1. Does VAL334 satisfy the criteria of being within 16 Å of the ligand (Cβ to nearest atom), surrounded by fewer than 24 Cβ atoms within 10 Å (Cβ to Cβ) and within 21 Å of GLY169 (Cα to Cα)?
2. For a quick check of your reading of the model, give me the residue pairs whose first member lies in the stretch 84-96 and is surrounded by 13 or more Cβ atoms within 10 Å (Cβ to Cβ), whose second is at pLDDT 95 or above and charged (D, E, K, R), with beta-carbon atoms closer than 6 Å and at least 6 apart or on different chains.
3. Go through the stretch 120-149 and give me each residue that's under 21 Å from the mean Cα position of the chain (by Cα) and of a type in the set (Val, Ile, Thr).
4. Answer with yes or no whether VAL322 is within 11 Å of the ligand (Cβ to nearest atom) and outside any helix (DSSP H, G or I).
5. Just checking, which of GLU355, GLU364 is loosely packed, with under 15 Cβ neighbours inside 10 Å, assigned to a helix (DSSP H, G or I) and out of contact with any Lys or Arg (no Cβ under 9 Å at 6 or more places or on another chain)?
6. Of (1) touching a Lys or Arg at 6+ places or on another chain (Cβ under 8 Å); (2) within 16 Å of the ligand (Cβ to nearest atom), ASP132 satisfies all except one. Which?
7. May I ask you to verify whether ALA268 is under 22 Å from TRP150 (Cα atoms), small (Gly, Ala, Ser) and either crowded, with 24+ Cβ neighbours inside 10 Å or away from the ligand (no atom under 16 Å from the Cβ) (or both)?
Amino acid sequence: MSDQPAFSSTSLTTPPSPDASKTEHLLFKTSNLTHYRSSLLQGLELIETRMKTVNRPFSGILPRELARQFENLDLDRPCTGITEALAELDRLYLEDAVYFHHPHYTAHLNCPVTIPAITAELIQASFNTSVDTWDQSGGATFIEQRLIDWTAGRIGFGGDADGVFTSGGTQSNLMAMLLARDNLSQHLWQHSTRERGLHPDAHRFRIFCSEVSHFSIQKAAALLGLGYDAVVPVPFDDYYRMDVSALIQAVETTRTQGLLPLAVVATAGTTDFGSIDPVTPIAEISRREGMWLHVDAAYGCGLLTSSRHRHLLQGIEQADSVTVDYHKSFLQPVSCSALLVGNRHNLGCVTWHAEYLNPLCQREEGTPNLVDKSLQTTRRFDALKLWLTLRTHGPERLGDAFDQVIHLARQAYLLLLSDNDIEILHQPQLSTLVFRYRPDMAMSEPALDQLNQSIRKALMRSGEAMVAATRVHNRQYLKFTLLNPDTGIRDIQAVLRLIKRHGAEARSASSNESTLQPKEVAHVG
Ligand SMILES: *Cc1c(COP(=O)(O)O)cnc(C)c1O
C-alpha cells in the first residue's frame, strides 16, 4: 500500500462545482421550500389531470409498442427542468400505467390506497428516515414498534410477541422459514446454523404447505439451502383448503422415509382462491410433531380488522409466525408488510451487532434498534402510512372495506353461478373467484384453454377491464381478485359482459380459422 494519500492538497483549491446555481434546486432543505412546494404542486397537478382522464384501468399498449418510446431517450441529457420531466413522465409512465383504483381492475392482489397513506409517503420521503437504528429514526422506531404490537394484539399473540416490517410477503415468508430452520437445528442438534452453516442433516428437513400455497415458500426453501424438494405439497379439499388428513398422511410418510418434518405453512387466504386453511387442527398436528407453524396471511390479514368475518382466522394465535401484507388488504401503497412472531427470542437468529451501527452495548442500554430483527439494514419507514391511516380513520374503516369486497365476491359468485356460459370453480371465502367461459359443453378442454387465454388477452388489449388468469388442474381459468371497496356488482356485470363479448368474438374468429384448416393441412401434407 502507498503511504501517500490518494489526493494532493492542490486539488482542494478548485471546488468541483464553482457554479452554485447548478445545485440550487436540487435538495430538500429550508432555503428550497418555495421550490419544493411548486415542484410538488406540479406533480399534484399532473396526478389530478391524469386521474380526471382515466376511464379504464389500462391503455392496452403492448410492451414492444411502449419500448419504442424509450429507444431514443438519453439519460445523460436531462430535460430542461421539472416541468418538462413531468410532461415526459406523463407520456412514458402515467399514460400506460395500470390503475388499481378503477372499478374494472379485478386482476391481482393490488388495492386502491388511502389518502393519509399517500400523505405519509410524502412525509417519509422528504425526511428520508431509515428505521434500521434508533439513531437514524427516533420516533419512527416507536411508530413501527407500536404497529407491530397492535398487529400482534389483533392476532391474539401474548406478551412475548414481536415482529418487524418487511418488503412484502415474500420476505416475510423467507424470514419465517429461516426462523423455523434455525430453531429446529438448535433444538435437534444444538447446532447454530447462523454460525456454522447448514447441519449435515438439514437436507432431510421437510416443509408442508398446500398445493395452492404461494410459490415464495419454494423460493425460501431454495434460498435457505434446503431446496425446492424440501417443500411437500399437501392436497386440498373441495374448498381449496389444506386437507388435514392428507397433511397427517404426508407427515407420516416423510417420517417413515427418515426425513424431518420442519414446518407447516397454513395459508390464510390463498392467492388464487382466497381459501383459508383450517389453522386449529393444523396447529395441533404441528405441536404434536414438533414442527414450526407459520400462517401466511399475506392476503387474509384484512380479516384482522373485520367485524363480520374475523372468526375465519380462528386459531391464528397458535402460530409461531404470521405473514401480513398491509399492501394487499389494508389499502396501503407498496411496500407495507410485516412478519410477526409469537416469541420474540426467535428473532435472535437474524441479529448481528455491528460496531458502527448497532453495537451490543446499545442493546444492553435498552436502545431500540429494529435492525436487530430485520434481514434488511437501511429500511424504509413503511410503517408511517399505516400509522397515518389508522390515526385518521381507525381500524374499523379498513375492516369495513374488506367486508365490502367479501360481500361483493359473494354477490359476484351468485351472478356467475346463474350464467350458463360461465363455469365457476369454487365458492369464495374471501374475495377472489376462479372461473372460465364455457359457452358450449361440447368444446374440448384444449379449445377452452385457448378461448379463455384469448379472452384475457383481448380484454387487456382493450384496456377496458383487467382480469387475471391462472391454471387449475392444468386447465386455463380466469380470475377476479376484488380488493376495491368501490367496485360494485354493476361493475362486475359490466366486466362479465366484456368477457362474454370477447369470448364470442374469439370463438367466431377461431371457427373461421378452422374452416380454413383443412385446406392448410392438405397443403402441408
Ligand atoms: C402475495 C402473496 C405473497 C407474496 O407477497 P408479496 O408481498 O407479493 O411479496 C405470499 N403469500 C401469499 C398467500 C400471497 O398472496
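1. Numbers: within 16 Å of the ligand (Cβ to nearest atom): yes; surrounded by fewer than 24 Cβ atoms within 10 Å (Cβ to Cβ): yes; within 21 Å of GLY169 (Cα to Cα): yes.
Judged against the criteria, VAL334 is a match.
2. Between residues of the stretch 84-96 that are surrounded by 13 or more Cβ atoms within 10 Å (Cβ to Cβ) and residues that are at pLDDT 95 or above and charged (D, E, K, R), the close pairs are LEU94/ARG50.
3. Within the stretch 120-149, VAL131, ILE148 meet the criteria.
4. Details: within 11 Å of the ligand (Cβ to nearest atom): no; outside any helix (DSSP H, G or I): yes.
So VAL322 does not fit the description; no.
5. On the way: GLU355 fails: assigned to a helix (DSSP H, G or I).
Going through GLU355, GLU364 in turn, the sole match is GLU364.
6. Exception for ASP132: condition (2).
7. Numbers: under 22 Å from TRP150 (Cα atoms): yes; small (Gly, Ala, Ser): yes; either crowded, with 24+ Cβ neighbours inside 10 Å or away from the ligand (no atom under 16 Å from the Cβ) (or both): yes.
The answer is yes for ALA268.
This table checks each residue for (1) polar (S, T, N, Q); (2) at pLDDT below 95; (3) part of a loop (DSSP other than H, G, I, E, B); (4) in contact with a Cys (Cβ under 7 Å, 6 or more places away or on another chain).
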residue: GLN42; (1), (2), (3), (4): yes, no, no, no
residue: THR49; (1), (2), (3), (4): yes, no, no, no
residue: ASN55; (1), (2), (3), (4): yes, no, yes, no
residue: ARG77; (1), (2), (3), (4): no, no, yes, no
residue: LEU86; (1), (2), (3), (4): no, no, no, no
residue: ASP90; (1), (2), (3), (4): no, no, no, no
residue: PHE100; (1), (2), (3), (4): no, no, yes, yes
residue: LEU109; (1), (2), (3), (4): no, no, yes, no
residue: ALA117; (1), (2), (3), (4): no, no, no, no
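The values are calculated or read from the model by the stated rules, or taken from the named source; none is laboratory data. Computed from a predicted model, the values in this text were never measured in an experiment. We place every Cβ from the backbone using ideal geometry, glycine too, and count neighbours over all the protein chains shown.
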